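Everything on this sheet refers to the single structure shown next.
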Amino acid sequence: MPVTEISGHQVHVDEEGFLTQLDEWDEDLAKALAAQIDVDLTDAHWRVLRFLREDFKERGETATARRVQVAGGIPVKEQFALFPKKPGKKMAYIAGLPKPHGCV
């Protein structure tokens, strides 16, 4: 896997830029990743990101937007408002997780 530098962090990424070593992620890196895709993180964003990270630890796969709604209590409409156009992909990218299955 390629290694790239993001805001002073050396990280392993796949061909689409998603982190492949989950332990390389921290909140400072999340801020840098969000800035790269023009997302300004608020408390509402952090709620989603923390849910995704915890859910991944438990299940071993990145939650889809539907799961974030059902298990995380965050409506899909809110996810689109927080992470416009492609919420599943953007949420996973900023959270340092693999792209959700079924996400293009």
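Structure notes:
- Of the residues making up the stretch 1-28, those that are hydrophobic (A, V, I, L, M, F, W, C) and within 20 Å of Pro100 (Cα to Cα) are Met1, Val11, Val13, Phe18, Leu19, Leu22, Trp25.
- Yes/no for Arg47 being among the basic types (Lys, Arg), more than 18 Å from Ala81 (Cα to Cα) and at pLDDT 95 or above: no
The values are calculated or read from the model by the stated rules, or taken from the named source; none is laboratory data. None of the values given here were measured: they were computed from a predicted structure.
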